[in-house]
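Read through the structure below, which is laid out as structure tokens, and then see the notes.
The values are calculated or read from the model by the stated rules, or taken from the named source; none is laboratory data. Keep in mind it's a predicted model, so treat the numbers as computed, not measured. Cβ atoms come from the backbone with ideal geometry, glycine included; neighbour counts cover every protein chain shown. Heavy atoms of the whole protein, side chains included, go into the accessibility calculation; ligands, DNA and RNA do not. Shrake-Rupley method; radii C 1.70, N 1.55, O 1.52, S 1.80 Å.
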Amino acid sequence: MSNRITINADVAAGTINRNIYGHFSEHLGRCIYEGIWVGEDSPIPNTNGIRNDIVEALKNIKIPVLRWPGGCFADEYHWKDGIGPREGRKRMINTHWGGVLENNHFGTHEFLMLCEMLECEPYISGNVGSGTVQEMSEWVEYMTFDGVSPMADWRKENGREKPWNVKYFGVGNENWGCGGNMRPEYYADLYRRYQTFVRNYGDNKIYKIACGPNVDDYRWMEVVMREAHNHMDAISLHYYTIPNEWSNKGPATGFSEDEWYATMKKALWMEELITRHSTIMDRYDPNKRVGMIVDEWGTWFDVEPGTNPGFLYQQNTIRDALVAGLTLNIFHDHCDRVVMANIAQVINVLQSVILTEGEKMVLTPTYHVFDMYKVHQDATALTTSIDGNEYKRGGQAIPQVSVSASKDAEGRIHVSLCNLDNENAADVDIDLRGLAAAALKVTGTELTASVKDAHNTFEQPEAVAPTAYKAFTVEGSAIRAKLSPMSVTVLEVISE
Ligand code: AHR
């Protein structure tokens, strides 16, 4: 039976904030060091110490926003250790991630230079867990104050005359866990206090982000919203897709059929999490002034054998591509509340879009999804409905197909479709109703593979790559398509 999809070209569901396509970079494993920062003297082609290849690749997917310096690292990070001449910066142990030396060569100036090179917004995570109110306040002054002040003068001494524009600022990270093991009542009070001293200087208006819940901790959301919603612009949510359990997450490649299925099912849980947290937010913020920011999401598998367990290095397969595609579709559906999301993490950590090894770089299947989906950035989400087939296994059932559609500023409609089933193709009948013109010009791109753990390696970097998609027919406003098993497809529809 065919999956029947209706797309209402004349019913808008809101704007898909481009920041939903955001990324996250932490001082963890080989994300910052090696992945981004190689230093000016490196034989790897770089600009002021930052790899040229990753800048080009990330600009290609229109990276809108980048979160830094953590993660758990953020609540141990003291920003003053990472400024001034690099040779003199404090050397310390990254106690949270792998116990390796952190030489602080990548600090505030380097991160904000990277964002300028990427033409993306910086999102800074401040330290509540082990930092002081003064330290947080002075960081904001250092970065954004234009004029004479102790911190602005120090910034100028360190080579940056003009302040940076820093909009997004997180007041703590996972303060229910690695950020201080706090209760929501205690964090809510601390949040109110710390954010008071996160000042707006000149034209720089800070968008304050409170630490939100872990997964389905609805009580955390309830308490922090109740006590502090008037003092925040947004609140975060963290949810990782883990096929098995924390102590045995399952491998990134060579996984079983059950692990494929569990991954899809658990990734789909994002829908319920957003809906239920959003319902709580509605009680305190019915007009949806406060955004939800899913600033850590993605797959989390066992590390690659032989790698440092604290480095969280994992391969990335067509399964990850499906998780990315269906999750981004869910974010689109909730674009009235979800204003930003940051996949974890951008390079060499968890569900990365890029992997590096020395001077080599490989783009993962997840990268290709971000590339194919970039057409949705800032577009108008269209309402869709699906009367679809179930993808069943072991007495469980999930939808076979995930769909989302948007209309861009030029009137082009983009439809993103994921077939979660790795064995069976999916027939889809799309009714594009609400269009004035009759003739549709349709083109498509598909990402698929013939084995369920297909991935790109440094030897075979193009094993999983997008190709032109032609398995469809168009009749009036109807598109009939056959989606390959385990595929992500984006159609572009122009009405003439
Ligand atoms: O992304 C890895 C870690 O996951 C982050 O540091 C932390 O915030 C989360 O628990």
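Would any residue of the stretch 353-380 have its amide N under 20 Å from a label point 7 Å out along Cα→Cβ of GLU304? List them or say none. Residues 353-369 fall inside that zone. For the chain, the longest principal axis of the Cα atoms and the long axis of helix 318-333 meet at an angle of about 90 degrees. Relative contact order of the chain, taken over Cα pairs closer than 8 Å and 6 or more residues apart, is 19 percent. Each principal axis of the stretch 74-195 carries a Cα extent, and these read 41, 33, 28 Å when sorted largest first.
Shape class of the stretch 362-496 from the Cα gyration tensor (axes a ≥ b ≥ c, square roots of the eigenvalues): oblate, since a/c reaches 1.5 or more and a/b does not exceed b/c.
In a fully extended conformation the segment linking GLN134 and SER2 would gain 41.5 nm over its present Cα-Cα distance, using 0.36 nm per residue. Between ASP408 and LYS482, full extension at 0.36 nm per residue minus the direct alpha carbon distance yields a gain of 24.2 nm. In whole angstrom, the stretch 186-252 maps to an equivalent ellipsoid with semi-axes of 31, 15, 9, each derived as √(5λ) from the alpha carbon gyration tensor and ordered largest first. Computed 3J(HN,Hα) for the stretch 10-21, one whole-Hz value per residue from the Karplus formula 6.51 cos²θ - 1.76 cosθ + 1.60 where θ = phi - 60°, is 10, 10, 7, 10, x, 9, 7, 4, 4, 5, 4, 9, glycine and proline marked x.
The fraction of accessible area contributed by carbon and sulfur in the chain is 48 percent, rounded to a whole number (1.4 Å probe; ligands and nucleic acids excluded). Each Lys and Arg contributes +1 and each Asp and Glu -1, all at the Cβ; summed about the Cα centre of the chain, the dipole is approximately 720 debye. Rounded to the nearest 20, the Cβ-based charge dipole of the stretch 161-266 about its Cα centre (Lys and Arg +1, Asp and Glu -1) stands at 500 debye. Roughly how many whole Å is it from the C-alpha centroid of the stretch 167-199 to that of the stretch 236-286? Between the Cα centre of the stretch 167-199 and that of the stretch 236-286, the gap is 24 Å.
Computed from Cα atoms, the angle from the helix 257-284 axis to the main principal axis of the chain rounds to 70 degrees. Residue-wise HN-Hα couplings along the stretch 235-252, as the Karplus relation 6.51 cos²θ - 1.76 cosθ + 1.60 with θ = phi - 60° gives them from phi, are 9, 8, 9, 10, 8, 10, 8, 10, x, 9, 9, 3, 6, 8, 6, x, x, 6 Hz; Gly and Pro carry x. Just so you know, the Cα atoms of the chain work out to an Rg and Dmax of 22.5, 70 Å. Gain on full extension, evaluated as 0.36 nm per residue between ASN230 and TRP246 minus their Cα-Cα distance, stands at 2.2 nm. Considering only GLY39, PRO309, PRO399, the residue lying farthest towards the positive end of the dipole of the chain is PRO399, judged by Cα position with unit charges set on Cβ. Each peptide among 318-326, 237-245, 194-202 gets the average number of other Cβ atoms lying within 10 Å of its residues, and from highest to lowest they stand as 318-326, 237-245, 194-202. Probing with 1.4 Å while keeping every protein chain in the model, the per residue accessible area of the chain equals 38 Å². With the cut-off at under 18 Å, measuring from each backbone N in the stretch 268-286 to a point 7 Å along the Cα-to-Cβ line of ASP336 picks out 271-286. Scaling the Cα radius of gyration of the stretch 118-261 by the globular reference 2.2 N^0.38 Å produces a ratio of 1.29.
Taking every Cα-Cα distance in the stretch 213-318 and sorting them into 10 Å bins starting at zero, the pair-distance distribution P(r) comes out as 13, 39, 25, 18, 5, 0 percent. In Å, what Kirkwood hydrodynamic radius results for the stretch 296-443 from the alpha-carbon pair distances? Value: 17.3 Å, from the Cα pair sum. Applying both filters, DSSP loop and at most 12 other Cβ atoms within 10 Å, to the GluC sites (Glu not before Pro) of the stretch 1-105 gives GLU40. In the chain, the longest principal axis of the Cα atoms and the axis of helix 218-228 are about 50 degrees apart. In order along the stretch 190-199, phi translates into HN-Hα couplings of 4, 4, 4, 6, 4, 5, 4, 9, 8, 8 Hz, rounded to whole numbers, per the Karplus curve 6.51 cos²θ - 1.76 cosθ + 1.60 with θ = phi - 60° and x for Gly and Pro. With the cut-off at 1.5 for a/c, could you classify the stretch 1-128 from its C-alpha gyration tensor as rounded, prolate or oblate? In terms of gyration-tensor shape, prolate.
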